[in-house]
Amino acid sequence: MNIVASLEFFQIIDNIKSACRTTGARELADSISFSTDFDKITHSLRQSYQMRNLLMGLRNFPDVGYIDMRKTLSMLGVKDSCIALEDMPQLYDSLCCIKSILSFLGSEDKEKIPDIYAIIEDVYFDDNILVQCSNIIDEHGNIRPSCSPVLRDIYSKKENKKRQMERQINAILQKSKKEGWSNDDDDISIRNGSMVLPIKATYKRNVKGILHDTSQTGQTFYIEPEEIVSLNFELKELFFEEQREIHRILSEFSDLLRENLENLIACYDMLVEVDFIRAKAVYAVKTNSTMPQMSNKPIVDWYDARHPILENALKQKGKQIIPLRIELNEQQRILVISGPNAGGKSVCLKTLALLQYMLQCGLLVPMKEISIAGVFDNIFLSIGDEQSLEDDLSTYSSHLKNLSEICQKADKDSLFLIDELGTGTDPMAGGAIGESILEYLNEINVYGVVTTHYSALKHLAFDHKGIVNAAMLFDTEKMKPLYTLSIGTPGSSFAFEIAQKTGLSKAIIDNAKKKLGNQNIRFEENLQQIEVNKLESEKHLRSAKQYDDILYQTVQKYKDMTSKLEAEKKDILNSARNEAKQILKSANKQIEHTIEQIKTQKAEKQIVKTLKQDIQNTLTAIEHQIQEPVQKEEIKLKKENIKLVTTPIEQGDYVILPQSETIGKVVSIDKNRLQIDMGDIKIQTTKKNVLKIDKTSYLKQQKDNSKTSSKSLVGVQIKTSFDINTIRQHFNPQLDLRGYRGEEAICELEEFLDKARMLGERQIKILHGKGDGILKTLVRDYLHTQKDVESYHPEDIRFGGEGITIVHFR
């Protein structure tokens, strides 16, 4: 089967060609072909992906002057050949474009665009050629009179001759009007490139000169006076001199081009290649395509895959496409997709086929970057009506011919896609053949997708490892397809429901159900119920995940707080140890000094008594300094009418964390570890990290607080709780980071994303401005590391463009 025609791949090529500016790039677009070379595929994808990122950046990529001059330049290989004046403007524009591309890419971080940078790395551009070209022609493509002294002199003489001719012919015209040979409103005309006077036919012999034309009525003769003829002859001589000088100038310039011909051809090779990559990237931006993670083996693990042609058609009708989640791996190599007619089965099949074909042609595809895509040696397709009148093949015969080719040529590295397997003939026989084909392909480990209505093919998945059912979902209440692929369960055809909606009588439908049998009816109903239950479970799972995220954020904040407290505790202990050492050192000095005095002075009892008192005073001071932190804590608590107690901590007691001044209730004790209820959260810590407080005084203080609303230590506890409704009320889904420095911006962004996640926001905006693009790059690099960020992209150009990033959560 012709894949390009069946998948309408030519439309993709046409879109890329329309974005190409050069003939050479359009030829490269026509040469796009399917490849199995992993390195070649990934190289092409990386080039397009890097160019796509450049086009989406703040700086405008060079967009004008893409002209392929290789054919014109190759003609200069002939000795004494000369470039034409009319080719000079295109040469100049294209040279400017080449210089702009080299300058643009050269200023980028080559580590971010290695595959693009490799194109220009060995290209040499001689600025002198551009300068010389600019000296020869002006911005309008006309030759500059100043490009040579001779030409400047010729232009000066020409202008003088023209002015002389104008003066003389005007004088003759005035005389002609005065004599009545011309009408008063007549003026000088141009005929055959010469200035002529309109003379009445009656007086044509009164003006000597050359007759160039007559009016349609024959009443007016257009004559070039003989005085002007000689001046015009001199002017033509100057014109020929001018042409000879221009040819000399262009010949010299052509010699310069010939000397640099090899480098120039390389420059234009680069220009064409960049134009081709740019065109592919333009189409990628248009279709919101990207580069998935590539694997050098057969695998399909795609998220939000979209058919680009269908998506564009739906957009034109004001509709949106439903993205697909498709997965083929070693455990589930073959998908059997079932579901109602017009439910999207064939679209799913074509989406997989087209995107895989695009990938192996080196084109970016519309799906999430987290997707994983592999490489297949062959893609086999059997879709639609392949009836052949020429070969005398019916639709079913043609279908069987395709299936036969798949069975003969497919292997473990192949991908097959078969639409409506088993149809086109007797249902029993067709289903049996389809079942046999699917079993054979499964045995040889081929990857593939088939669509079907046959229950027998659906049952294969339950008995054969590697075959998995999938369903196109259907809204049974609104009786319309949802175009969503669900892997893991078979789908129902909803034949009776659709028939009822179309107006078929209930009696006919009931009779049909009887003929089908209760067992099959129940099977279809069970399929529907499975999908309903699955959707309900997914809904509860999403809800649970949202609450889990809130809990996770709370726990993380507690962990951060605990880590901070532990760090502060270590600092305080270290400081205390150092201070204690200084105190002991001072005390030791005092004691040593006292002993020395006793020895040297043979001190009397009164002196010894005095010295003993000094030592006692020193020890008292040391004890006071050691007890000071505890006393300060007691002073704090006394201000709040709360007392510390030293009795053992028991379940139900109230304790305080000294570092954070947070009070909580002990709910359980396990040896030395405590679980403390802090209000909205529960924490675990050890006994040494808390101080027991008097329960009675604390509860009284709490009661007084509720009456007076005075601030107390419990206010710290209140700070650790949060009211989602209050947060949601004050939450602004747009964050303005303009004016922030790098680290400050990331901190603000991190806190903003935490709130957005907690509130279950699906979309937010980050305003970072355009500027040099540094802040935008920091923001997007950080977003790229967030696993729950589904995608991000610039705002619509009408509402801020690259100055704003739109973020979508999963």
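A few points about this structure:
- Every condition in (1) under 20 Å from Ala84 (Cα atoms); (2) under 46 Å from the mean Cα position of the chain (by Cα) holds for Ser148 except the one numbered (2).
- Verdict on Val274 being surrounded by 24 or more Cβ atoms within 10 Å (Cβ to Cβ), under 14 Å from Leu485 (Cα atoms) and of a type outside the set (Gly, Ala, Ser): no
- Any hit, region 91-106, residues being part of a loop (DSSP other than H, G, I, E, B), open to solvent by 30 Å² or more (accessible area, probe 1.4 Å) and without any contact (Cβ under 8 Å) to a residue 12 or more places away in the chain: no
- Yes/no for His768 being over 16 Å from the mean Cα position of the chain (by Cα) and either open to solvent by less than 40 Å² (accessible area, probe 1.4 Å) or within 29 Å of Ser107 (Cβ to Cβ) (or both): yes
- Residue under evaluation Arg325, criteria (1) under 28 Å from Ile797 (Cα atoms); (2) basic (Lys, Arg); (3) touching a strand residue (DSSP E or B) at 6+ places or on another chain (Cβ under 8 Å), criterion not met: (1)
- Only one of the numbered conditions (1) touching a Lys or Arg at 6+ places or on another chain (Cβ under 9 Å); (2) of a type outside the set (Lys, Arg); (3) over 30 Å from Ser194 (Cβ atoms); (4) surrounded by fewer than 16 Cβ atoms within 10 Å (Cβ to Cβ) is violated by Leu130, and that is (4).
- Checking Val196 against (1) touching a Ser or Thr at 6+ places or on another chain (Cβ under 6 Å); (2) at pLDDT 90 or above, the condition it does not meet: (2)
- Of the residues making up region 37-49, one or more are assigned to a loop (DSSP other than H, G, I, E, B), open to solvent by 50 Å² or more (accessible area, probe 1.4 Å) and either in contact with a His (Cβ under 9 Å, 6 or more places away or on another chain) or modelled with pLDDT of 95 or more (or both).
- Residue match in region 425-447 (condition: at pLDDT 90 or above, surrounded by 18 or more Cβ atoms within 10 Å (Cβ to Cβ) and of a type in the set (Gly, Ala, Ser)): no
- Residue check for Asp37: under 34 Å from the mean Cα position of the chain (by Cα) and among the charged types (D, E, K, R): yes
- Filtered residue count, region 791-810, keeping only those that are surrounded by 16 or more Cβ atoms within 10 Å (Cβ to Cβ) and at negative phi: 11
- Residues located in region 50-69, provided they are within 17 Å of the chain's Cα centre (by Cα), buried (at least 21 other Cβ atoms within 10 Å of the Cβ) and among the hydrophobic types (A, V, I, L, M, F, W, C): Met51
- Filtering region 192-239 to residues that are open to solvent by less than 80 Å² (accessible area, probe 1.4 Å), of a type in the set (Lys, Arg) and more than 20 Å from Glu179 (Cβ to Cβ) leaves nothing.
- Filter pass, Arg728 being more than 30 Å from Pro648 (Cβ to Cβ), at pLDDT 80 or above and open to solvent by 90 Å² or more (accessible area, probe 1.4 Å): no
- Of the residues making up region 212-249, those that are closer than 19 Å to Val196 by Cα and among the basic types (Lys, Arg) number 1.
- Residue satisfying condition, being in a loop (DSSP other than H, G, I, E, B), touching a helix residue (DSSP H, G or I) at 6+ places or on another chain (Cβ under 9 Å) and free of Cβ contacts under 8 Å to residues at least 12 places away in the same chain, within set Lys71, Lys79: Lys79
The values are calculated or read from the model by the stated rules, or taken from the named source; none is laboratory data. The structure displayed is predicted, hence computed values, not measured ones. Heads up, the Cβs are rebuilt from the backbone with ideal geometry, glycines too, and the neighbour counts pull from every protein chain shown. Heads up: the accessible areas ignore ligands, DNA and RNA and are worked out on the full protein's heavy atoms, side chains in. Shrake-Rupley method; radii C 1.70, N 1.55, O 1.52, S 1.80 Å.
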